[in-house]
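What follows draws every value from the coordinates through simple rules; no lab data is involved. Quantities reported herein were computed from a predicted structural model and do not represent experimental measurements. Every residue, glycine as well, gets a Cβ built from its backbone with ideal geometry; the counts of neighbours run over all protein chains shown.
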Amino acid sequence: MKTEYAVGNIRIHFESRARRRWFVAFIYTVLVAYAALAAFEITQRSLNRTETTTAAWIVARCGILFVALWIVFTWVAGDMRARGDEREMHRRDHAHFRAYYFVGYGIMAAFFASFFAEPNPITPLLPLALRTFLVKLPQMLLMATIFIYITLPQAILLWTEPDMETEREAS
Amino acid sequence: MNRVVDKVPGESGLYNRIAVLRAERDISRQELADALGVNYQTIGFLERGDYGPSLKLAFQIAEYFDLPVEAIFATQPLKPLSRQVYASSQSPEKGNS
């Protein structure tokens, strides 16, 4: 994993685990905020658009977010498919193992949530806003699973790697 | 007198002498990493005992330092190298007297 990054003239150091954890926490806070906004839009239709337009708007933003996250995480944590030395490979395998554990649960949750999208005896008894939310829940869970698939292995790697030394210290 | 180096072995549970050997031969982490074909950070993790190397890497390290594997890695705390060398140089004289 690289420990120093350059954005124009600004040098960003990621040797410190605490700093890497702040970064991961920030990214996931943004994601959760976005998920909350999307859920709000779906249930309240706050933008006064038709349902199709709202869905298209959410999907378009999700696409942009996917690409942005993929670029940022690959840039910071390194390409997870690239060949590293044995320790790096071990750490990546471990990160993938832990991340895909959650992916499995996400898929299962989406599968069970799809029950609410079909006609069933429970949803007609619920308030309209909650019903609308439950209908969209499987897609939302699948979307969250895709986010986890794209970001979680790198996030686990960034979160768990201990403090590192710079190239200057090593030479 | 025969006190061992009381150093916690880190996550790997292995004690090693890589840092001592490197300092003794004036080799930087980067140089050792280049010779072994690993990342310089891996050398740091090995030295701190946070990573246990594969058998292949352990043998590569032993080959690099021209020492047996058991002289570099151990599951028990290692005695200081200087004391061990001095003790071995003294033992034939003790035997003669």
Distance (nanometres) between label positions extended 7 Å along Cα→Cβ at A:ALA82 and B:GLN30: 1.8
Cα-based helix-to-principal-axis angle, A:17-44 vs chain A, degrees rounded to 10: 10
Descending semi-axes in whole angstrom, ellipsoid equivalent of the protein assembly as shown, from the Cα gyration tensor: 55, 20, 14
Principal axis box of the stretch A:11-140, alpha-carbon based, largest edge first, Å: 56, 31, 24
Relative contact order for chain A, counting Cα pairs under 8 Å that sit 6 or more residues apart, in percent: 36
Cα long-axis angle, helix A:51-77 against chain A (0 to 90 degrees, to the nearest 10): 10
Pairwise centroid distance, computed over Cα atoms, of the stretch B:19-97 with the stretch A:109-140, Å: 62
